[in-house]
Structures are given as structure tokens and as C-alpha cells.
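Working notes for the structure below.
The values are calculated or read from the model by the stated rules, or taken from the named source; none is laboratory data. In this text the structure is predicted, and so the values were computed from the model without any measurement. Because the Cβ atoms are built from the backbone with ideal geometry, glycine has one as well, and the counts that use them run over all protein chains shown. We work out accessible area using only protein heavy atoms, side chains counted, and drop any ligands, DNA or RNA first. Shrake-Rupley method; radii C 1.70, N 1.55, O 1.52, S 1.80 Å.
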Amino acid sequence: VPLAARGTCTPNFEGAGLRVVQSGSTLAFGPSAANALAPVISSSFRGATAVDWHFEQTGQPMVGYIIKDVINNNLAVSARVDNSILLDKASDSGNAADQIWTVECNTCSTGISGLHGKVASQCIIRSKALNNGCVTVGPTAGSPAHVTNGGACTTFDFFTN
């Protein structure tokens, strides 16, 4: 019996600056500051409507992303062995497992670089380094984002400005 189609998509963000917000919430996936070792938290120091990230495709057959700070491309989102998520110096090779993430969404727009507003919805972000555990945020704006292995996944919507 063939497997049923899953009906999910992997977005091509086309280099657009992105804001990542928990679906149906005001909580976000954002940097606490734009410097190395700054925790990724459930809001952004730039404000609720600012873009924070570039999701750069790794170029590997299994689509993965390196999530870089929108202003400082030398900083990338890094998963730590304690399941915390920090900004760190971006890997020069682009294949450091702790900086590779997958994104799977229920809906994905095309031509994202030319759009404004919501461009992908109901997305799950997973860490390659941490057994494909998914990113969670909350319960408050100051709460650190982290990777869970087995817990409920936070779904996110992606926005351009």
C-alpha cells in the first residue's frame, strides 16, 4: 500500500528577511541581541514587527537551512547539546550540524522575495544536530526557545516586511 501524501512543503525563502511568529500567537522565534552566545527567545529585541532572520538553504539534497541574523550574517542560530538555542559564529563550511535546521510547512508561497506579509504557515522547525527535535517557544515573551525531543512542537508562521 503506498504511503498517503503528507501535504507539506519546504519553502524557498529566496533570501528574504523573515519574522518567525508562533501560529495564532504573538510569541516569536527571535534573538535576544545580535551578538554571539545571545539566546534565541520567544520575542525579538528588534520589536514585534521587525524581520530577524535569513533562512539560507544549505544546498544539500535534503533541504536544510542555516538561520542567520538578518543584519549580521556572521551569526547563525545554533542548537546546543542541552537543547538551548543560541546565536553563534556562523560555520565557514556551512555544514556544521548544530547550525542546520529543517522547515516543513502546511502552506508555502512562491516568489517569496517579492511578497509582503505571511509567506509560509503552520511550520515546524527541526534541529539536525538534536535528532530532528523541534523548536518550541513560550510560555512568555522572555522565555528561551529550545529544542524538544518528544514534546509538542510549536508551529510557526513566516512573514516578510
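Points to keep in mind about this one:
- Taken together, the criteria place Ser44 among residues that are at pLDDT 95 or above, within 14 Å of the chain's Cα centre (by Cα), assigned to a loop (DSSP other than H, G, I, E, B) and of a type outside the set (Asp, Glu).
Per-residue answers, yes or no, for (1) under 16 Å from Phe13 (Cβ atoms); (2) among the hydrophobic types (A, V, I, L, M, F, W, C):
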position: Trp53; (1), (2): yes, yes
position: Ala76; (1), (2): yes, yes
position: Leu86; (1), (2): no, yes
position: Ser109; (1), (2): yes, no
position: Cys134; (1), (2): no, yes
position: Ser143; (1), (2): no, no
position: Asn161; (1), (2): yes, no
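- Every pair of residues 6+ apart whose Cβ atoms lie under 9 Å, when the first sits in region 82-101 and is on the phi < 0 side of the Ramachandran plot and open to solvent by 40 Å² or more (accessible area, probe 1.4 Å) while the second is of a type in the set (Gly, Ala, Ser) and in a helix (DSSP H, G or I): none
- Summed over region 26-41, the residues that are open to solvent by less than 40 Å² (accessible area, probe 1.4 Å), part of a loop (DSSP other than H, G, I, E, B), of a type outside the set (Phe, Trp, Tyr) and under 14 Å from Phe159 (Cα atoms) give a count of 1.
- Residues in region 48-81 that are part of a loop (DSSP other than H, G, I, E, B) and open to solvent by 90 Å² or more (accessible area, probe 1.4 Å) were compared, and the one that is nearest to Ser25 (Cα to Cα) is Thr49.
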